[in-house]
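What follows is one structure encoded as structure tokens, with my remarks underneath.
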Amino acid sequence: MDKSYNPKAFEQKIYARWLENNYFAAAPDKNKKPFTIMMPPPNITGQLHMGHALNNSIQDALTRYKRMRGFMALWLPGTDHASIATEVKIVEKLAAQGIDKKSLGREGFLKAAFDWNDQYGGRIVEQLKQLGCSCDWNRKAFTMDERCSKAVREVFVRLYEKGLIYRGERMINWCTECKTALSDAEVEHKESASGLWYLKYPVQGADGEFITVATTRPETMLGDTAVAVNPGDKRYVNFIGKSLALPLTDRIIPVIADSYVDAAFGTGAVKITPAHDPNDFEIGQRHKLNRIAVMDDGGVMNENAGAYKGLNRFDARKKIVHDMQQKGLLHKTESRKNNVGCCYRCDTVVEPMVSLQWFVSMQPLATPAIQAVESGKIKFVPKRFEKIYMHWMRNIRDWCISRQLWWGHRIPAFYCTACGNEEVSRHDLTACTACGGSVKQDEDVLDTWFSSALWPFSTLGWPDKNADLDYFYPTDVLVTAYDIIFFWVARMIFSGLEQMGDIPFSTVYINGLVRDAKGRKMSKSANNGIDPLDIIDQFGTDPLRFSLMNGIAPGGDQRFSADKIEGCRNFMNKLYNAAKFVMLNCADAVIVPDITAHKKLSAADNWILARYNTAVSAVTRAYDKFDAGQAAQRLYDFTRNEFCDWYVELAKADLADPERRKVTQNVLLYVLRGILKMLHPVIPFITEEIYMQLPNRDAQSIMISEFPKSVKTPAKQARSAAEFEHIIQLIRAVRAFRAEKNVPPSKRTALYLVPTADVSAPLTQSVGYIKRLAAATEVFFLTPSVPSAQLLTAAAAAYIPSADLTDNAAEKARLLKELAFAEAELKLAQTKLNNAGFTQKAPQALIDAEREKVQRFTQTVSKLTQSLKN
RNA sequence: GGAAGCAUAGCUCAGCCGGGAGAGCGUCUGCCUUACAAGCAGAGGGUCGGCGGUUCGAUCCCGUCUGCUUCCACCA
């Protein structure tokens, strides 16, 4: 073995072997219900970022754990191809080569896009492999592949036939940069400083009279077709039905009454622009108002804007405000903060526009989706995310699914050019089925999340019947970050319920976000992103994975820091070296089939085995709760503090003893193997590397080995282990004593002990350990009558007979401190016991523990007092 | 405007069923003790955000206040 941990020496080699032997697809027990994890589609347009690294590491850990527990564990990978961002990227890439999207035509563009995607999709797969991810790559599927296309089309047709998909003119969110419609979920609201302008509209036939309206978007006034007031508003009741001259245009608009208007807000009069505002759109429908669109799809004022034609919407705003002021029609301007909608991909301010789009009726789909979570069939971990989901589902509005792009699943709707018949079909149509006229397919494609929503079954081959689908659906757990609950999780749930008649997964595990060291969200624009591959290159994959998972709380955000990663790398080194020590000392080991039943276990052996059993059950519990963070932390503590710091050191003494050597070797190997197995889901490479060199290896690969079973420590062994804790405390006390006196480890001294009765047996058996770990040349046992103890522990009173170690001021101070502590503890316990409420209501075990404390500390206090006198 | 989360050691964060609080890093002291200086042994450091309440007992449960973060939201 190398002198120290060197991941580059083995990581790639190991992964290649896993692939070669197809361990990822290995099925330990096909009769068990399978365990399936859905993998969110990474966005292939960017590099793998820390969020992916975290998310994929958690999924991989769960998959590996379940596989080791004998489940047929499958991790379905996927890649999201059909997004707006992808198309934008492809367009950019083509532009860099001097190629215009439109000049290629749809076919040419798609071909270029597929080429580009193959390249990047492949790159993502390679990156995930570097993370050690144990996907079954043979099942890889992309939202744009044939299988998924078939499923998408089938779902579209089914929903259409049920009347749950419809086409209509609605107010939608329009991105003037991407030039496509957006769903509500794709709009981000950002607070920005803006103005509230009060505009005066002259009343027709009443010279000098005005109605003042307030608006945050003056440029839309050119499209106003009415001014609305509340019907009960006394200020305006006489104006209802009158006409206003719309300034800057030659149009006359009516004053209408609508209860939507809040008389208490602003001036109580609202300008109505049905073509450019969702509320106005509805009012317009109620009052049959014209819709006058004053901008084109790029946010530039059109011919309806008269003199403002050709200006972009923001320049038009400035000019209109200026012109209104010139005309004396600007009553006042207030500065004001308000929320503007922005495109979540490109951050452009979203423009509400009326257009003909496809929608999914959400009400009928949402009801069962709400029920599935309410009834507990689907659980969110942590539970608080259920509220977010519920709130969204209960307030859901119809989903705009058409996008004005080329890169995506084309909407399977055909329109007859002769009779106007609209037809949705599973197969491409060449002629109208009603009149035989020629047909044209809808130009739009579907929202990328429409196909992603089908992931749990489309990747398994739906709509075709097949064994995989029967076996794996519904899947078990979906792991994802909370920022994607609406986009993806919610839609998978209602799609699964609608198409499959069953939930897509029973658990939604939500992980948090990875932020930078200052707590900011990592993003390209802030340029604070850290590439996981760089970290892997510098430290190794296992340290990266461990640092992302160790100690994280489910759903909580975390900060990424270089210090943390270094600490994790150091832990790998620790583990590596501990293994090296075991191997060096176990070359001649004779493996015993079941070490736990061995009759010659020492007190130290019993102790580590008991601690090990405790660790196994804690770790198992954590993994079963999908809490890899807790599992990793528990393992870190056990490995470092109990195995390395204590047992390995204790073993040194026993390995030198020919009587004990064989047993010790077996315990070392047994515990080490268990540690490796339990750590394997979190840090797959180093554990495999070490495992393959173990003499007591029990499988071809740790990946497919059996996870340690939880065993209850036998009572006798537990007792022995508990006694041994006292020995450890004694060693600690002697070490602390020596350290305070600045005795270098090289200076070894004799140690006199007066054993406490109940631990005298283990104490006499532990002389070897004490000599080694407490730097004692010799350990002498004294009768209780011998005074001058310097140290008092539960195991023994101790005395170190070196002239320069005794009776100085520092020692007296230390003893006083000990005394103060003991007295405080004693008082605390006594106070509790004197409290009638406590003795009556507290559990018996606690009361007993307090009584024991009183006894123990009374003794300690008297001994310390005695020592101080001497 | 609505909702959620977070406030614990100098920093970053754990803390499962309420029984007097932990880790990593940093700091200080002493050590190359034959697996590991990417290390070892020790030490110091916290009115668990403020105030009330429930309880024999509260970091934990309830209320409230303060500060930060995030999500949702068509009020011009």
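Before moving on, here are some points about what is shown:
- Residue satisfying all of: in segment A:562-583; among the small types (Gly, Ala, Ser) and touching a helix residue (DSSP H, G or I) at 6+ places or on another chain (Cβ under 6 Å); farthest from RNA strand B (Cβ to nearest atom) among these: A:Ala579
- Verdict on A:Gly529 being more than 25 Å from A:Val619 (Cβ to Cβ) and away from RNA strand B (no atom under 11 Å from the Cβ): yes
- Residue in segment A:613-623 that is of a type in the set (D, E, K, R) and in contact with a Gly (Cβ under 8 Å, 6 or more places away or on another chain) present: no
- Screening A:Phe210 against (1) under 21 Å from A:Lys319 (Cα atoms); (2) modelled with pLDDT of 90 or more leaves a single unmet condition, (1).
- Pairing residues of segment A:410-434 that are under 16 Å from A:Arg167 (Cβ atoms) and in contact (Cβ under 8 Å) with a residue 40 or more places away in the chain with residues that are polar (S, T, N, Q) and not in a strand (DSSP E or B), at Cβ distances under 9 Å and at least 6 apart in sequence or on separate chains, gives A:Pro412/A:Ser425; A:Ala413/A:Ser425; A:Ser425/A:Thr433.
- Qualifying residue in segment A:463-478 (condition: in a strand (DSSP E or B) and more than 19 Å from A:Cys148 (Cβ to Cβ)): yes
- Taking the numbered list (1) over 20 Å from A:Tyr344 (Cβ atoms); (2) assigned to a loop (DSSP other than H, G, I, E, B); (3) under 25 Å from the mean Cα position of the chain (by Cα) in turn, A:Ile370 passes all entries but (2).
- Scanning segment A:572-592 for residues that are in contact with a Lys or Arg (Cβ under 7 Å, 6 or more places away or on another chain) and not in a loop (DSSP other than H, G, I, E, B) yields a count of 1.
- Residue within segment A:584-597 that is near RNA strand B (Cβ under 9 Å from one of its atoms) and touching a residue at least 40 places away in the same chain (Cβ under 8 Å) present: yes
- Filtered residues of segment A:520-541 (kept if touching an Asp or Glu at 6+ places or on another chain (Cβ under 8 Å) and under 22 Å from A:Gly629 (Cα atoms)): A:Met522, A:Ile530, A:Phe539, A:Gly540, A:Thr541
- Condition broken by A:Ala434, with the remaining ones in (1) within 15 Å of RNA strand B (Cβ to nearest atom); (2) not in a strand (DSSP E or B) satisfied: (1)
- Residues satisfying the stated conditions in segment A:723-737, i.e. more than 7 Å from RNA strand B (Cβ to nearest atom) and either free of Cβ contacts under 8 Å to residues at least 24 places away in the same chain or in contact with a Ser or Thr (Cβ under 8 Å, 6 or more places away or on another chain) (or both): A:Phe724, A:His726, A:Ile727, A:Gln729, A:Leu730, A:Ala733
- For segment A:418-441, the criterion of a residue being crowded, with 22+ Cβ neighbours inside 10 Å and of a type in the set (Ser, Thr, Tyr) is satisfied by no position.
- Segment A:516-526: number of residues that are within 11 Å of RNA strand B (Cβ to nearest atom) and surrounded by 17 or more Cβ atoms within 10 Å (Cβ to Cβ): 1
- Residue in segment A:856-870 that is farther than 25 Å from A:Glu740 by Cα and not in a helix (DSSP H, G or I) present: no
- Any hit, segment A:496-514, residues being farther than 16 Å from A:Asp627 by Cβ, within 11 Å of RNA strand B (Cβ to nearest atom) and touching a residue at least 40 places away in the same chain (Cβ under 8 Å): yes
- Out of A:Asp537, A:Asp557, A:Asp563, one residue alone is over 20 Å from A:Phe685 (Cα atoms), over 19 Å from the mean Cα position of the chain (by Cα) and not small (Gly, Ala, Ser). It is A:Asp563.
- Exclusive hit being closer than 30 Å to A:His726 by Cα and near RNA strand B (Cβ under 8 Å from one of its atoms), set A:Arg559, A:Arg621: A:Arg621
- Residues located in segment A:532-549, provided they are within 9 Å of RNA strand B (Cβ to nearest atom) and either among the β-branched types (Val, Ile, Thr) or outside any helix (DSSP H, G or I) (or both): A:Gly540
- Sole residue being buried (at least 22 other Cβ atoms within 10 Å of the Cβ) and out of contact with any Lys or Arg (no Cβ under 7 Å at 6 or more places or on another chain), chosen from A:Ile702, A:Ile683, A:Ile727: A:Ile727
- From the options A:Glu850, A:Glu825, A:Glu818, residue that is within 46 Å of the chain's Cα centre (by Cα), modelled with pLDDT under 85 and surrounded by 16 or more Cβ atoms within 10 Å (Cβ to Cβ): A:Glu825
Residues checked against (1) closer than 21 Å to A:Cys175 by Cα; (2) more than 14 Å from RNA strand B (Cβ to nearest atom); (3) in contact (Cβ under 8 Å) with a residue 24 or more places away in the chain; (4) surrounded by 20 or more Cβ atoms within 10 Å (Cβ to Cβ):
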residue: A:Asn304; (1), (2), (3), (4): yes, yes, yes, no
residue: A:Arg317; (1), (2), (3), (4): yes, no, yes, yes
residue: A:His331; (1), (2), (3), (4): no, no, yes, no
residue: A:Glu334; (1), (2), (3), (4): no, no, yes, no
residue: A:Trp358; (1), (2), (3), (4): yes, yes, yes, yes
residue: A:Met362; (1), (2), (3), (4): no, no, yes, no
residue: A:Ala369; (1), (2), (3), (4): no, yes, yes, yes
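- Any hit, segment A:792-812, residues being of a type in the set (D, E, K, R), more than 10 Å from RNA strand B (Cβ to nearest atom) and either touching a strand residue (DSSP E or B) at 6+ places or on another chain (Cβ under 8 Å) or at pLDDT 85 or above (or both): no
The values are calculated or read from the model by the stated rules, or taken from the named source; none is laboratory data. Just so we're clear, the structure is a prediction, and the values are computed from it rather than from any experiment. Reconstructed Cβ throughout: ideal geometry from the backbone, glycine too, with neighbour counts over all protein chains shown.
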